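The structure appears right after this line, and notes come after that.
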């Protein structure tokens, strides 16, 4: 069976020197204001004391202040002019009490330090974002031990860092697409506007996990033990798992890579466990069986990138042949990585990883070639 990614241990120490942002208020540094000094020796004197040569000195000082103000605003570092799209949001786990802290960082900026977005007081998850906000679930502990956390949905303003609760009921999971929020409320799938208005029911059932890719919303049904996909408007709900496959969300999870869905299942006929990669765009739902110890990192048009025993491979979709990435010109030693991998982007030739000091860093490498082992 596949391991739940939320159970991975994150070995990173939180930064004590960051300003803590709470859900109720935040401290914000005032912008730099330039003004003429009160004790300026050149300020304008009384008419009887003013010499003709100095009669325009006060005007010169005002012009100088305006020039300094203009220079200050137009010589800010690049990070001050970055757009929301430049930032990546992620969680850091506190090993002492299993709480999480949200950070944002710019992997393309070597001088940008990670910015703390929330205080480490809660167990959180299901992070998603729109243009102006980051949405997350603050898990509620009711004393019961369960596989699925539930909690209220919150959103954080990306500019002010102020937090606001968006739901009055406990929900399981959230996702966003086209400035629309999708979420499971008590197991029923809904969508709503970013401000919480126009809540609309999409799918009845017991949904605990959702992911969005290529215009489809992928979700499970806990009671039926199936994986399905539905269009973002709630139409054309399709079952992807076969009648013999049983997807048990209590012990497994599913991931989506473009049109491919990875999941662990149990056969109803012989009770065997299987690790499946399914093509959801194929009417026949073509399946590729993988070893249970295999971790899928990425799926592109030219292959499946997998990890097994800290070695990275590229698997041919048609033949199933596996080639170590080192044979394709990519030499990544995960044992020497100072942190843990956040996400792989093989088609673009880089990966993002979170270092032990909580910085989000980019490691670039040559794009894979089609060269095979001789």
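Just so you know, all these numbers are worked out from the coordinates, no wet-lab data involved. Values in this document were obtained by computation on a predicted structure and should not be read as measured data. As a convention, Cβ positions derive from the backbone with ideal geometry for all residues, glycine included, and neighbour counts pool all protein chains shown.
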Study note, to complete from the structure: Between the alpha carbon centres of the stretch 169-212 and the stretch 255-316 the gap in Å comes to 26
Point to revise | Efficiency of FRET from Cβ geometry, residue 98 and residue 271, R₀ 41 Å, rounded to 0.05 | key: 0.75
Review point. How far apart, in nm, are the 7 Å Cα→Cβ label points at residue 162 and residue 131?
Key: 2.0
Exercise for review: Describe numerically, in nm with one decimal, the distance between label points set 7 Å from Cα along Cα→Cβ at residue 248 and at residue 364.
Suggested key: 4.7
Practice item. Could you compute the FRET efficiency for residue 331 and residue 152, with r as their C-beta to C-beta distance and R0 at 45 Å, rounded to 0.05? Key: 0.50
Review point. Extension gain residue 302-residue 321, at 0.36 nm per residue separation less the Cα-Cα distance, in nm?
Key: 5.6 nm
Revision key, fill the gap. Full extension between residue 177 and residue 201 adds, at 0.36 nm per residue less the Cα distance, a length in nm of 7.0 nm
**Study point:** Extended-chain gain in nm, criterion 0.36 nm per residue less alpha-carbon gap, residue 170 and residue 311
**Key:** 46.7 nm
Study note, to complete from the structure: Checking rank on 219-227, 357-365, with mean other Cβ inside 10 Å and highest first, the result is 219-227, 357-365
Review point. For the stretch 291-356, what is the relative contact order in percent, using Cα pairs closer than 8 Å and at least 6 residues apart in sequence?
Key: 21
Study note, to complete from the structure: Note on the stretch 206-336: contact order normalised by length, alpha-carbon pairs under 8 Å, 6 or more apart, percent, works out to 11
Practice item. Consider a paramagnetic label point 7 Å from the Cα of residue 284 along Cα→Cβ; state which residues of the stretch 233-260 have an amide N under 20 Å from it. Key: 239-245, 259-260
**Study point:** Rounded if a/c under 1.5, otherwise prolate or oblate - the stretch 143-230, Cα gyration tensor axes
**Key:** oblate
Exercise for review: Label the stretch 99-138 by shape, choosing from rounded, prolate and oblate, from the square roots a ≥ b ≥ c of the eigenvalues of the Cα gyration tensor; if a/c is under 1.5 it is rounded, and otherwise prolate applies when a/b is larger than b/c, oblate when it is not.
Suggested key: oblate
